[in-house]
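A.B. asks: First the structure, which I've put down as structure tokens, then a few questions once you've had a look.
Values quoted throughout were computed directly from the atomic coordinates according to the rules given, and no laboratory measurement underlies them. Please read these numbers as outputs of a predicted model, since none were measured by experiment. We place every Cβ from the backbone using ideal geometry, glycine too, and count neighbours over all the protein chains shown.
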Amino acid sequence: MIRMLPNTKVLGLVVSLLVPVTVTQVVTACNQASYHVRLPGSDGNPPQNLGNGDTQPVAPTARVEVIFNNGSVTTVVTDSATSVQPSNDTLSPSFVGTSNCANPGIVRADYTIKTPEGDVPLSAVRAPGSCDALSVPYTFKKVGDYPITMIVTDENNLTALATMTLTVIDGSKKDGGFTIAAVPMLSQPTKPIAFTGYCYMAAGFTISWDFGDGTTAAGISGNHAYNDVGQYLVKAACTSADGKTVKTASVSVVVISSDVGMPSPTYGAPMGPPTPGPSQSPFQSPGQRPSIFPN
């Protein structure tokens, strides 16, 4: 069930949708709720919306990942040694083609992991021109949801924000965390970007989107295009069928006015919740990725 949302930002409220419904068949790992959607809400951080002209540098893109056993995950069991890092498509467009490093042009990644004991700040810094890793190691000790925020900084001192929710379990539960992807994160006006939310709630869920340009929507996956150049903070919320659990995620996408010769970033669907036993890396997918968001 896919619903267009009214162009209204609501923070911390569950809203009933009283708008016409367009039904689209979507293959999913679990059923979606069909009656309540919680909007991502505004956090007061507007996109940088740089002009991206000849004299103005382009803001970076950003997506955060948690890596376990060489895979991008939304769920791990307790005491798992993981690393937190920028995705391969996190980059400064101004440095694409001039650097062979991962995350070209990015010189710093600052992370905040919200834990039961308080916020844990972590940072990775590389010298300009070096290819030092921007990942940080972290072992999650207790069960629960862990919101993770990442801010990357490029050589032009421009920043981008990304967030996700990692779920740490004891091995017996099936629910998991929430992350989103935008392919590609660097685009041009009117060209569609494919957005997908990876949410794992066995009892059902709804994903709602705020694209940062005044447009909102609901659904697991679909396309959205931007009319104007700039950096856009895309926020999403995954709400359980009973409305009691809300997990959030965000990515920074950039729309530029000229072609950039850049390689296609490596993209893999995040792994789903582990199953009990020695093998804890089953891949799960939200299903097909139809074009269901009206532009």
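A.B. asks: Under a cut-off of 18 Å between alpha-carbon atoms, report the aspartates and glutamates in cross-link reach of K142, not counting same-chain residues fewer than 8 places apart.
C.D. replies: D79, E117, D119, D170, D175
A.B. asks: Same structure again: Tell me the label-point distance for the pair T115, T245, using the 7 Å Cα-to-Cβ offset, in nm and rounded to one decimal.
C.D. replies: Taking the simple label geometry, T115 and T245 are separated by 2.3 nm.
A.B. asks: For K114, give me every one of the aspartates and glutamates with a C-alpha distance below 12 angstrom, ignoring sequence neighbours fewer than eight places off in its own chain.
C.D. replies: D145
A.B. asks: Can you list residues whose amide H is under 5 Å from S83's amide H, if they're 5+ apart or on another chain and H is modeled 1.01 Å from N?
C.D. replies: Under 5 Å from the amide H of S83: I67, Y138.
A.B. asks: Nearest 0.05, what FRET efficiency do N227 and R108 give at R0 = 30 Å with Cβ-Cβ as r? Display every interim value, and only then the final one.
C.D. replies: On the way: r = 31 Å, r/R0 = 1.04.
Calculated value: 0.45.
A.B. asks: Between R126 and N100, 0.36 nm times their residue separation minus their Cα-Cα distance comes to what? Please report the intermediate quantities before stating the final value.
C.D. replies: On the way: separation 26, 0.36 × 26 = 9.36 nm, distance 1.42 nm.
Separation in residues times 0.36 nm, less the Cα-Cα distance, equals 7.9 nm.
A.B. asks: Report, largest value first, the span of the C-alpha coordinates of the range 70-216 along each principal axis, in whole Å.
C.D. replies: 47, 36, 26
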